[in-house]
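A.B. asks: Can you read through this structure? Questions will come right after.
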């Protein structure tokens, strides 16, 4: 995606997150993945959930997100990072740290022509 497409796709997101996604799309820097994942998840969190995460509870099921909302989160992350998660990978996601680790591996594979996605 170019910057204009990113602006359009993520128009309701905080400007600093949109800028981070643009930076990632240009560099494919795996170190930006966790920030992007957390920023996207934050956008959908119900009131009070941020305190749970800050207290160390990073379980995806603890956020109080409905399954449809969780699917929106996943789609946003996939679009932001330009990757696709398989059903198996989606089932393995239990917390934010694991999600970030899986996504960082996929992003690193994008820049390594000998690795598979």
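A.B. asks: Here are the criteria: (1) part of a helix (DSSP H, G or I); (2) modelled with pLDDT of 60 or more. Tell me which single one residue 46 does not satisfy.
C.D. replies: Single failed check for residue 46: (1).
Residue-wise test of (1) out of contact with any helix residue (DSSP H, G or I) (no Cβ under 9 Å at 6 or more places or on another chain); (2) farther than 17 Å from residue 109 by Cβ; (3) at pLDDT below 85.
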| residue | (1), (2), (3) |
| --- | --- |
| 37 | no, no, no |
| 65 | no, yes, yes |
| 68 | yes, yes, yes |
| 73 | no, yes, no |
| 89 | no, no, yes |
| 96 | no, yes, yes |
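A.B. asks: Continuing with this model, one more query. Is there a residue in the range 14-31 that is farther than 16 Å from residue 100 by Cα and not in a helix (DSSP H, G or I)?
C.D. replies: yes
The values are calculated or read from the model by the stated rules, or taken from the named source; none is laboratory data. Since the structure is predicted, the reported quantities are computational estimates derived from the model, not experimental observations. A quick note on method: Cβ atoms are made from the backbone with ideal geometry, for glycine too, and the neighbour counts reach across all protein chains shown.
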